[in-house]
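Trainee: Could you have a look at this structure, given as structure tokens, before my questions?
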Amino acid sequence: MEFEDDYPKPSWFRMNYRALWGRAYPRIIGANREPSWVFFETFLPILAVAAYVFIYKAWIPEPTMAELMIGFVIVGGAMTAYWMNVLWSMAAQLYWEKEMGNLELFMVAPVSRMSILGGMALGGMFTSTVRAVSTIIAGVLLFGVSLTVQEPLYLVLIFIFTMLALYGMGMMFASLYMMWGREAWHMSILLTEPIYLASGFWFPLKGFQYMLGQPGFWIGVGASLIPITLGLDGMRQCLFGTEMGFFPLWLELAVLIALTGLFIFLARLALAKMEELGKKEGRLTLRWQ
Amino acid sequence: MKINRNTFKWSAWLGWQMESNWTRPFIFAIYAIVRPIAASLILVVMFYVITYLGDPSTARANFDFLFIGNAFFMYIAQVLFGVTWIIHDDREHYRTLKYIYISPANYFVYILGRTLSKILITTFAVIITLAFGVIFLEVPLNPLGVDWLLFIPVFIIGLLSIIAFGLALAGISFLTAKHTMGMNEGIAGVFYLFCGVIFPLSVLPDWGISFAKILPVTYWLDLIRTSLGAGAGIDTAVAGTSVEVSLVVLIISTIGFALFSIGTFKLGDNLARRKGYLDMTTAY
């Protein structure tokens, strides 16, 4: 009897589906086995967000405007969960896998690397979503933020394409980080505050225009290459009105769709290139650089 | 004593190497500058939004207040983050924690040494941020106008209190999985929220103000602003308290937190050894 009769080779789709789910599984189940994460990932991050809330509360005397800005901060605070997840659990993860000795196992597995990265994204999104939702709930309950969905369809589409583009970007970074040693770690640190600044996590993107006029507009345009910038602006427009919006909603959605395609394409390209380079230079198993 | 001195010296050297030798000095300098400047610029843009939407007459004083607070908050964020990350890094990344434990080095002293390099790098970032504020944002800081006799002791005592907090968190990190980062971020958030870093504490509810008054960092930041002669005068929870009283409270609360932190560290260390957590890996 042939081995393959007993164990028929699964289809390409089935294998990759299993790889995707297999990589997502430890993140979701692992999180549930250590319930302490609920405290660390839900309650504690709200405190930092609250500090930004109080800045606006303290220094904008007009209650309506203060409330609007608090709403902006809450949405920004919720979205930090996804950015942190992309940086630390997507981009830096292949570097970590290399350090832990798992990367070589991924490389010899008969599945697409994209499925493994996709699984990471899916698993990571679970904890990030819990954190994001808890921030929104805290915003509503503690700070009285009123969320009125004015454009539900746009809100859903913008969120979905922001996630796709963002995690596509994370996959692209993951392949670059894979080649690095400790640079990967420092790069993730470096991409925290500067991106919070460029993407307007704590203020409307139009803030650059209030500060610098026309050059501020161009800073916003440049920052739009980071998917979360327009994602944040679009969601804020859907929830709090278009008055402080940077671009019209349709344009933001169109750019996010284009960025999704671009980043997933670049991720695929970068992954193949970095794998080839890594094999040539023997760096795929190099640890503790 | 000699072993502890050597442990402190070489762990500080190790920390510095780990922080800095991953790249060329020029790139490292850029890296060290970009992050604090970006963090400050977030507040600058927020300030412009507030000025645009709010009351421009009080904007200047408010800005100086939050800029100085945010610059010195870097010590809290970096040192807390640094101290606890050492446990995670040694245990799960380099997997050297158990080897350090079986060496003659005292792990507590080792952590203190590693912290020193974090403090040096943060000091560089704080100086850069303050210089940026003075040159580009007209923050009224003048070295000749600083009350150095107040600033130096206050700065050192405050730093000791921050290290003490870091050690307490390190003790907890022995027992937690990979959530160290969330914990750091969150605890730093407690200080950001309750210590009058970027907004006057008077806007907090009463229980928040009472909580703020038991944290040494609240007094530390207030005294730092007073000694620098910039950003003071905003109504904080400790407004009206004399410098002497604030200084005494700072010293007493620092001693209290230091004792608490050493106890927490020892407890975490003990439990981790008993439960076999010293070589735990959770980087899934």
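Trainee: Scan B:Phe151, B:Phe155, B:Phe165 and give me the residue that is surrounded by 24 or more Cβ atoms within 10 Å (Cβ to Cβ) and either over 30 Å from B:Tyr101 (Cα atoms) or aromatic (Phe, Trp, Tyr) (or both).
Mentor: B:Phe165
Trainee: In the range A:89-102, what residues are in a helix (DSSP H, G or I) and either of a type outside the set (A, V, I, L, M) or surrounded by fewer than 19 Cβ atoms within 10 Å (Cβ to Cβ) (or both)?
Mentor: Step one: list which residues in the range A:89-102 are in a helix (DSSP H, G or I), which gives A:89-91, A:93-100.
Listed by number, the residues that qualify are A:Ser89, A:Gln93, A:Tyr95, A:Trp96, A:Glu97, A:Lys98, A:Glu99, A:Met100.
Trainee: Counting just the residues of the range B:197-221 that are more than 10 Å from chain A (Cβ to nearest Cβ) and not in a helix (DSSP H, G or I), which one comes out farthest from B:Glu244 (Cα to Cα)? Even if it seems obvious, please write down each step before you answer.
Mentor: From the range B:197-221, those more than 10 Å from chain A (Cβ to nearest Cβ) are B:205-207, B:209-221; that's our starting set.
Then drop every residue that is not not in a helix (DSSP H, G or I), which leaves B:205, B:213-215.
On the way: B:Pro205: 27, B:Lys213: 15, B:Ile214: 16, B:Leu215: 17 Å.
Filtering the range B:197-221 for residues that are more than 10 Å from chain A (Cβ to nearest Cβ) and not in a helix (DSSP H, G or I), the one farthest from B:Glu244 (Cα to Cα) comes out as B:Pro205.
Trainee: Just a yes or no: is a residue in the range A:210-219 in contact with a helix residue (DSSP H, G or I) (Cβ under 6 Å, 6 or more places away or on another chain) and modelled with pLDDT under 90?
Mentor: Residues of the range A:210-219 in contact with a helix residue (DSSP H, G or I) (Cβ under 6 Å, 6 or more places away or on another chain): A:210-211, A:216-217, A:219.
The next check asks that each one be modelled with pLDDT under 90; those that pass are A:210-211.
Among the residues of the range A:210-219, at least one is in contact with a helix residue (DSSP H, G or I) (Cβ under 6 Å, 6 or more places away or on another chain) and modelled with pLDDT under 90, which makes the answer yes.
Trainee: Also, I was wondering about something else. Does any residue in the range B:1-24 that is of a type outside the set (Lys, Arg) come within less than 6 Å, Cβ to Cβ, of a residue that is loosely packed, with under 12 Cβ neighbours inside 10 Å six or more places away or on a different chain, and which pairs are these?
Mentor: B:Ile3/B:Pro104
Trainee: Here's a follow-up. Would a scan of the range A:56-65 turn up a residue that is in contact (Cβ under 8 Å) with a residue 60 or more places away in the chain, out of contact with any Gly (no Cβ under 6 Å at 6 or more places or on another chain) and either within 19 Å of A:Gly124 (Cβ to Cβ) or more than 7 Å from every other protein chain (Cβ to nearest Cβ) (or both)?
Mentor: Within the range A:56-65 (the criterion being in contact (Cβ under 8 Å) with a residue 60 or more places away in the chain, out of contact with any Gly (no Cβ under 6 Å at 6 or more places or on another chain) and either within 19 Å of A:Gly124 (Cβ to Cβ) or more than 7 Å from every other protein chain (Cβ to nearest Cβ) (or both)), the answer is no, since none of the residues qualifies.
Trainee: From A:Ala78, A:Ala51, grab the single residue that is modelled with pLDDT of 85 or more, within 11 Å of another protein chain (Cβ to nearest Cβ), in a helix (DSSP H, G or I) and under 29 Å from A:Pro204 (Cα atoms).
Mentor: Working: A:Ala78 fails: within 11 Å of another protein chain (Cβ to nearest Cβ).
When all the criteria are applied, what remains is A:Ala51.
Trainee: Which residue is modelled with the lowest pLDDT, if the candidates are limited to the range B:7-32 and must be in contact with a Lys or Arg (Cβ under 6 Å, 6 or more places away or on another chain) and not in a loop (DSSP other than H, G, I, E, B)? Before the answer, list the steps.
Mentor: Just the residues of the range B:7-32 that are in contact with a Lys or Arg (Cβ under 6 Å, 6 or more places away or on another chain), to begin with: B:11, B:15, B:22.
Applying the additional criterion that residues be not in a loop (DSSP other than H, G, I, E, B) yields B:11, B:15.
Numbers: B:Ser11: 90, B:Gly15: 86.
Filtering first and then ranking leaves B:Gly15.
Trainee: Let me ask another. Inside the range A:192-203, can you point out the residues that are more than 7 Å from chain B (Cβ to nearest Cβ) and under 15 Å from A:Met69 (Cβ atoms)? Step through it out loud before you land on a result.
Mentor: Initial filter on the range A:192-203 (more than 7 Å from chain B (Cβ to nearest Cβ)): A:192, A:195, A:198-201.
Within the range A:192-203, A:Gly200, A:Phe201 qualify.
Trainee: If you don't mind, there's one more thing I want to ask. Going by the conditions given, is B:Phe151 closer than 16 Å to B:Ile76 by Cα, touching a Leu at 6+ places or on another chain (Cβ under 8 Å) and among the aromatic types (Phe, Trp, Tyr)?
Mentor: On the way: closer than 16 Å to B:Ile76 by Cα: no; touching a Leu at 6+ places or on another chain (Cβ under 8 Å): yes; among the aromatic types (Phe, Trp, Tyr): yes.
Against the criterion (closer than 16 Å to B:Ile76 by Cα, touching a Leu at 6+ places or on another chain (Cβ under 8 Å) and among the aromatic types (Phe, Trp, Tyr)), B:Phe151 does not qualify.
Trainee: Determine whether A:Ala267 is of a type in the set (A, V, I, L, M), over 17 Å from the mean Cα position of the chain (by Cα) and away from every other protein chain (no Cβ under 14 Å).
Mentor: Numbers: of a type in the set (A, V, I, L, M): yes; over 17 Å from the mean Cα position of the chain (by Cα): no; away from every other protein chain (no Cβ under 14 Å): yes.
Judged against the criteria, A:Ala267 is not a match.
The values are calculated or read from the model by the stated rules, or taken from the named source; none is laboratory data. Note that the coordinates shown come from a computational prediction; the quantities given were computed from them, not determined experimentally. Here Cβ is always computed from backbone atoms with ideal geometry, including for glycine, and neighbour counts include all displayed protein chains.
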